[in-house]
Amino acid sequence: MLRAIRSVAMILAILAATAGVGLAARAQAWAAGERDVTIAQGIDAEFLDVQMTNNIVTMIINGSIYDTLLTRDKQLQIVPHLATSYKLVGEKVWEVKLRQGVKFHNGEPFDAGAVKFSFERINRADFKSPQKGWFGTLERVEIVDPSTVLFHTKVPDPAMPARMTLMYQMAPKYIGQAGDVQANLKPVGTGPFKFVEWQKNERIVVEANDAHWTGKPAVRRATWRPIPELGARIAALQTGQADLIVNVPPDQVPALATSRSVRIEKTPSCRIISFAIAQIKGGPLADKRVRQALNHAVDMQGILDAVLLGNGKRLNSWMPPNVWGHDPSIPFYEYNPKKAKELLAAAGQTNLTLTIQAPNGRWAMDKDIAQAVAGQLSENGIKTNVKVIGEWGAYVRTILDHKTEDIAMSGWCLPSLEPDHWVTPNLKTGEPVSQYSNPEVDKLMEQARAEMNPDKRKQLYSHLLRVIRDEAPYIFGYQQMDIYGVNNRLKWTPRGDESIRLTEIGF
Amino acid sequence: MLGYVGRRLLQSLGVLFGVSVIVFGLVHLTGDPTRLLLPLEAREEDVRQMRALLGLDDPLWVQYARFLSRAVRGDFGLSFKHQLPALTLIFQTLPATLQLTAAGLGLALVVAVPAGILAALKRNSVLDAVCSVGVLLGQAMPVYWLGLLLIMVFAVGLGWFPAAGRDSLASLVLPATTLGAFSMARIARMARSGMLEVLAQDYVRTARAAGIRAFVVTYKYALKNAAIPLVTIIGLEFGILLGGAVITETIFAWPGVGRLAVDAIFSRDYPLVQAIVAVLATLFVVINLVIDLVYTYLDPRIVYVRSAR
């Protein structure tokens, strides 16, 4: 009997020791100072080597440690950052002047060499960067002097300034000595915050870089925490464990809005959601009138009000107002079931049956919105059902193989906020994501992409978007609302590019 | 005995080999990870370059041979997604999972064993009924629901514990309770039925008839024998909890292997999935071997011998 007790006791002791060790040592709760913030997102950073990622959450975290050549201000206009000026000196040459006196966190100076190094690193054959495509038009970087570089592009590229807002600057000496793996685990940048520590899936801590050229940040220390479960994330906000949380779903807004210690902040996102009509499949969907009829047969505003509680703004074409090139004068498709029936009759398609495919949980209430759309179409004479493909990998597969159902719910946002990056990948013939093909529209896109004069370019995009609206390759949907939960001790309002900048947080 | 241990170790190696083949096959069936690692609009040439870099162009048996030859030397390759050695990632996160599992199991044992035994001793009493209801609830409550309920009540409502994360000992309480609830119920049931079975044995009746005090009969004779199957259960429960911690870890943002595994599966991160399964399978096999050896220590009647031919 003693043996049994001893065994059980030993087992319990082992368990207790395993459980207790390490945690007791951490009992020192992070002495959260008054000027410290904790931000809870849904996932951990994939990398702290910013050139290894294209994931928005990762880029938000990295954005506190690294700077870009240009950046976008709160109104999303491109402004100088590490580059103080840029101008075209030839059809395919940009002259970029760099800010002087900037140092990386390890003390090495930021100069033209760093710019050249950063660009060439992404294009190294053995470097697995998803950012290669972002700078595909840039052929080479030429150093003129330590604070001047020339960008030589392969073709005339009016989007170069937009690309420069994504050119994160890496420290050449540091990476040369420490290597790529260390650069990811102990990042060094020129940013307003310095890296402190990274516990995978637990926290990333950064502290203020008072020597930053934009001045002393108001936030002294920031902790980025991944809390994947929505309920726990909201609870963390309510208990004060987190000061700022992201992706609050529309139905949780009323509950948080009544709280005294926290508030809801929202902004129309650059992320747009629509229903791509697989015109390349041919058949009835190849007829423009059918596609226009689908747009008239859906009361998109009504659906947004009912399902998202108004947390979505209708699109008039395939571009949100957040992106330069958007034209607010393009009319929305009005909800007009009668017109829809007329168009269908004219096209000879009065007995249409369609399937919409939707993901589940990729975007707020995605499945429910798809079902609402299907319901309305069915009410208006177009029998529609919904196929939910829950696993995102499988969903993406159908899009890339161009084997989607008749209609596929699609979302889009790229951090470049460059208009060509909205239309070409989604609508140009043969592009990986595109389910639409129209040589006339292709020509318009190529024209707009290459036009160097900004005013002319804006007109071209206006025209292109109008044509797209008319062609109706989508049942045009909505701009998402980015909804954040914020502790009232923070002074902060959200940005329209899904980003969170620590330098924009005050108290 | 040494022969027995030796044979078990060999068997374990066989099991691990089989597991590695199955996992390798399954994971490669889930599809191509390259498209998930690159942006949606990436060009075909970038995709092809990435595939070559990741070694995915070789035939399946070549990839498996390469994986196995490195795995036996402890090299499970670089995680596709994190670009860090898979084993490093696992060893970074395993302590957290072990902590959680140990705490959950410990809590379950401390509550369930006494409860089950008392229920057996006081059979058909109010205590027994309460225990039965508790067992039913414990096995019926979904882990997900219980976790969120505990957060709502004890974190947001009462503010006794943090809602998520792994900051201090206090952070362990809610996740451990959530994880342990199901085990608690199962162990209580086992303890109760084991105890009842032993109490019905002849030798217990004899002991009682011989005038030995009830207290002594219970603890010296009955409990000692009821403990044996319980120890086996503990080994199995540990393995189950190790795998089932995924949901608990996700709810409480506990940085453990379970979460790592789920992310890896959804990203089709082959090396990481294979490495995690290999490590957890090894852990499970080792723990059960240890439990079986403890078994012989507990019950001297049991001796592992070569079966007579």
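Here, each number is a calculation from the coordinates, and none is a lab measurement. Not measured: the values here are computed from a predicted model. Cβ placement follows ideal geometry from the backbone for every residue including glycine, while neighbour counts extend to all protein chains displayed.
Just a few scattered comments:
- Cα-derived Rg to Rh of the stretch B:33-76, Kirkwood definition: 1.10
- Helix-only [θ]222 nm of chain A, DSSP H runs n ≥ 4, -39500 (n - 2.57) each, per residue, nearest 500: -9500 deg cm²/dmol
- DSSP-defined beta bridges in chain A - what % are antiparallel, rounded to 5: 75 percent
- Size descriptors for the stretch A:206-306, from the alpha-carbon set: Rg then Dmax equal 21.9, 63 Å.
- GNM on chain B, alpha-carbon springs under 10 angstrom: the most fluctuating residue among B:L84, B:L236, B:L16 is B:L84.
- Of B:T30, B:T93, B:T282, the one that fluctuates the most in a GNM where chain B has Cα springs shorter than 10 Å: B:T30
- GNM result for chain B, Cα springs below 10 Å: residue of B:Q83, B:Q139, B:Q92 fluctuating most strongly: B:Q83
- Sites listed here are trypsin sites (Lys or Arg not before Pro) in the stretch B:200-291 whose DSSP assignment is loop and whose Cβ has at most 16 other Cβ atoms within 10 Å: B:R213.
- Relative contact order (percent, whole number), chain A, Cα cutoff 8 Å, 6+ residue spacing: 19 percent
- Cleavage-rule hits, trypsin sites (Lys or Arg not before Pro), the stretch B:45-114, DSSP coil, Cβ neighbours within 10 Å at most 10: B:R73
- Put in line by how crowded their Cβ is, counting other Cβ atoms within 10 Å and starting with the fewest, A:C270, A:C413 read A:C413, A:C270.
- Three-way shape call for chain B based on the alpha-carbon gyration tensor, with the a/c threshold at 1.5: oblate
- Largest-first principal axis extents of the Cα set of the stretch A:352-507 (Å): 57, 41, 30
- Principal semi-axes of the equivalent ellipsoid, √(5λ) from the alpha carbon gyration tensor of chain A, are 41, 34, 21 Å from largest down.
- Translational diffusion of the stretch B:4-123, µm² s⁻¹ [Kirkwood Rh, Cα pairs; Stokes-Einstein; 20 °C; 1.002 mPa s]: 115 µm²/s
- Each residue in B:W61, A:W134, B:W160, A:W492 was given a count of other beta-carbon atoms within 10 angstrom of its own, and listing them fewest first yields B:W61, B:W160, A:W492, A:W134.
- Distance from the C-alpha centroid of the stretch A:463-502 to that of the stretch B:223-277: 39 Å, rounded to the whole angstrom.
- Amide H contacts of A:S410 (H built 1.01 Å from N, under 5 Å, at least 5 apart or other chain): A:S274, A:F275, A:A276
- Dividing the radius of gyration of the alpha carbons in the stretch A:121-225 by their Kirkwood radius gives 1.01 for Rg/Rh.
- All lysines inside 19 Å of A:K288 as judged from Cα atoms, apart from same-chain residues fewer than 8 positions distant: A:K338, A:K339, A:K341, A:K383, A:K428, A:K443
- Under the span-like rule (Cα at least 18 Å along the axis, Kyte-Doolittle mean at least 0.0), DSSP H helices of chain A: A:2-20
- Under 13 Å from the Cα of A:K266 - aspartates and glutamates, other chains or at least 8 residues apart: A:D482, A:D497, A:E498
- Taking the C-alpha atoms only, the angle from helix B:257-266 to the longest principal axis of chain B is near 40 degrees.
- Chain B - mean residue ellipticity at 222 nm from DSSP helices (-39,500 (n - 2.57) per run, n ≥ 4, rounded to 500): -24000 deg cm²/dmol
- Counting beta carbons within 10 Å around each of B:V198, B:V130, A:V206, A:V467 and listing the fewest first gives the order B:V130, A:V467, B:V198, A:V206.
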